[in-house]
1. Determine if segment B:379-402 includes at least one residue that is over 30 Å from B:T309 (Cα atoms) and free of Cβ contacts under 8 Å to residues at least 60 places away in the same chain.
2. When you scan segment A:129-150, do you find a residue that is more than 12 Å from chain B (Cβ to nearest Cβ), in contact with a Phe, Trp or Tyr (Cβ under 9 Å, 6 or more places away or on another chain) and surrounded by 23 or more Cβ atoms within 10 Å (Cβ to Cβ), even just one?
3. Determine, yes or no, whether A:L41 is in a helix (DSSP H, G or I) and at pLDDT 90 or above.
4. So, of the residues in segment A:109-128 that are closer than 15 Å to A:E149 by Cβ and of a type outside the set (S, T, N, Q), which turns out to be nearest to the other protein chains (Cβ to nearest Cβ)?
5. Checking the conditions here, which among B:V339, B:V345, B:V364 is part of a loop (DSSP other than H, G, I, E, B), farther than 29 Å from A:L119 by Cα and modelled with pLDDT of 90 or more?
6. Filter segment A:171-224 down to residues that are assigned to a helix (DSSP H, G or I) and among the acidic types (D, E) and give me whichever is nearest to A:V43 (Cα to Cα).
7. Would you confirm whether or not segment B:9-20 contains a residue that is among the basic types (K, R) and either within 14 Å of chain A (Cβ to nearest Cβ) or at positive phi (or both)?
8. When you look at A:Q64, is it farther than 25 Å from A:D212 by Cβ, buried (at least 22 other Cβ atoms within 10 Å of the Cβ) and either touching an Asp or Glu at 6+ places or on another chain (Cβ under 6 Å) or not β-branched (V, I, T) (or both), yes or no?
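The values are calculated or read from the model by the stated rules, or taken from the named source; none is laboratory data. Predicted model only: the values in this text are computed from it and were never measured. For neighbour counting, all protein chains shown are included, and Cβ atoms are generated from backbone atoms with ideal geometry for every residue, glycine included.
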Amino acid sequence: MSSDNENILVAHGLYKSFGRGLGRVDVLLGLDLAVRRGEFLAVMGPSGCGKSTLLHVLGLVTPQDRGRIVLDGREVPQVESRRNELRKKHIGLVFQRFNLINVLSAADNVAIFLRVRGLPSDGRVHPLLEAMGIAHLAGRKPSEMSVGEQQRVAVARAVAHDPEILLADEPTGSLDSQNAAALLELLRRLNRDRGQTIVMITHSPEAASYADRVVHMKDGRLLP
Amino acid sequence: MAYLPLANILHHKLRSALSALGIGIAVCMLITLAGLSRGSLAEVAERWESVDADLIVLPRGWGDNASDKSGAGLSDRYAAKIASELGEMVRRTVPVFTWQMKLAGQDHMAAGVDPDQWQALTGGRRIIQGRLFDPEGRFTAWIRNKLLSGGQDDGAVIEMTERDLSEAPHSGLEIVIDTRLAAAGGYRLDQTVFVANHHWRIVGIVPAGAMSRLFMPRATAQYLFGNGDMTRSTLMFVKLAERVDPGPAARAIQKLTGQDVVPLGRYRGMLTEKFGIMFVYVDAVNAVALLIAFLFIMVTLYTMVLQRTREIAILKSAGASNLFLARQVAAESLMLTGVGAAAGVGMSFMAARAIQALRPLLTVTITWEWIATAAGAALIGALASAVYPGWKAGRVDIAEALSLE
């Protein structure tokens, strides 16, 4: 494993389970992972192997039961408010379903995320949409956009605050092959042009082929 | 940037409109019912306060509430007694016989007053159409002569035959009404109305605001409604001489007559006391209406939170604090309530106009005080309605909401 200095995100011995007693499901079983700064990493694995849970834990959305997460050289505390602050500042999330706010336009979907993060939105939204190739959709609401366009807005929203790391959970899961390819190309461009670190959860080898490195997950652990 | 609560409201137009309408109706009810109940009483009080007098003498034992008294109760001899023994402090005494009469579908406290004292009773008002009843006092003189000649004792009832009455000057069954009663009943000058089992001729119309809406000769009222006792009235208004302190004067009159004496200024309080329970009822109805309206808002906001769990989760995933989410919910509630309250104020003015058009005798007084009260109640209700949905929004579990992919 590389040193913590080279790594933007390191997970040591992550355990996570859901439920209690007989209904308890162990999802992560001592998982170790290091994500290098500026890399595009794909995590592959079959359904139910814990990929999404891993993303939620790495994204500081769900606390791990045991284990440590080091983000940009600093250990992530378990305190909810502190984790919230770190997530707000350092992490961008993209989901399979785009989860755009239906009542807002594309530009406003990006702007409100900046506002939530305490950042000004003036002058930042349009260039970002332009970079994503969707500047012409700025005033449209999600219902007036294709799924591919919606996912691009979701990516723009996730990277609007220049996060240290972008975590994407099956970002092409709801897209047809053409839109999926375009989105993956966009992610690769973000990675190459802006040095954006990306961790992408996927079960598609084709999607994984866009990444610099692919790790495989099975039964709550990464395969060696 | 579009404001998220505003965008949500505009996106769900029908739901937002219904929520705002619920608030609007409650606010309209609050302002209109308060304006109607208090306005009508205030209008009556203002009419009584227009009498050019300082004190009211009431029959002892009738209680100190003059607002619902009528019939014969007070000997007219007190007027002369007050004039003769307290002439230095009393400028004028006006005996009035009051009786409930129904005209234009509503009961009115008709005032029987001697023609020569009508000006004092109505605060110097001029009749704008027609003339005063029994202007030469012919009926008054005739009936008093008829009934009081012979030196009967006070309270003696003398039967008068139909033939006797048919000989009476017709000016006895003349009335003067005010403009609002004329408008409400569509009454015209010289029209004959049948009320209290008699045909009365409207001989004059006075501008609204006088003590009563309906005036008649006191002698007529005494004869018809006082069992023929021409020596008693319901109450007396007393006008004091200049610079006479009403307190000591009231005590002096009370001592002299043995009757109850209250300042005219207390009449408003008497009315309020009498109808106090009505205010409680009206205020309770208003409170319930507001409560229901805000429960409606709360359910709307709560439904909104449940419907937008994923949206809330995604905002939380971006780092939105519970306070931020609660503010969004509160802002939406405040906007709905603000629009609803503004509509409610507008509707209350329309309702007031409609009420006064349909029932001209009712007075709806919309005051800034009640508009402010309604706005304050709406503000508090909006924030209170947002508390639980706001708290619920903060409790949305991001992973749980987003794991339903």
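1. Going residue by residue through segment B:379-402, those that are over 30 Å from B:T309 (Cα atoms) are none.
Scanning segment B:379-402, I find no residue that is over 30 Å from B:T309 (Cα atoms) and free of Cβ contacts under 8 Å to residues at least 60 places away in the same chain, so the answer is no.
2. Scanning segment A:129-150 turns up at least one residue that is more than 12 Å from chain B (Cβ to nearest Cβ), in contact with a Phe, Trp or Tyr (Cβ under 9 Å, 6 or more places away or on another chain) and surrounded by 23 or more Cβ atoms within 10 Å (Cβ to Cβ).
3. Details: in a helix (DSSP H, G or I): no; at pLDDT 90 or above: yes.
No; evaluated as a whole, the condition is false for this residue.
4. Of the residues in segment A:109-128, the ones closer than 15 Å to A:E149 by Cβ are A:109-110, A:128.
Checking which are of a type outside the set (S, T, N, Q) leaves us with A:110, A:128.
On the way: A:V110: 9, A:L128: 14 Å.
Of everything passing the filter in segment A:109-128, A:V110 is nearest to the other protein chains (Cβ to nearest Cβ).
5. On the way: B:V339 fails: part of a loop (DSSP other than H, G, I, E, B); B:V345 fails: part of a loop (DSSP other than H, G, I, E, B).
Within the list B:V339, B:V345, B:V364, the selection yields B:V364.
6. Restricting attention to segment A:171-224, the residues satisfying the condition of being assigned to a helix (DSSP H, G or I) are A:177-194, A:205-208.
Subsequent filtering for residues that are among the acidic types (D, E) retains A:185, A:193, A:206.
Numbers: A:E185: 17, A:D193: 22, A:E206: 12 Å.
Filtering first and then ranking leaves A:E206.
7. Start the filter on segment B:9-20 by keeping residues that are among the basic types (K, R), which leaves B:13, B:15.
Remaining after also requiring either within 14 Å of chain A (Cβ to nearest Cβ) or at positive phi (or both): B:13, B:15.
Yes, segment B:9-20 contains at least one residue that is among the basic types (K, R) and either within 14 Å of chain A (Cβ to nearest Cβ) or at positive phi (or both).
8. Working: farther than 25 Å from A:D212 by Cβ: yes; buried (at least 22 other Cβ atoms within 10 Å of the Cβ): yes; either touching an Asp or Glu at 6+ places or on another chain (Cβ under 6 Å) or not β-branched (V, I, T) (or both): yes.
Yes.
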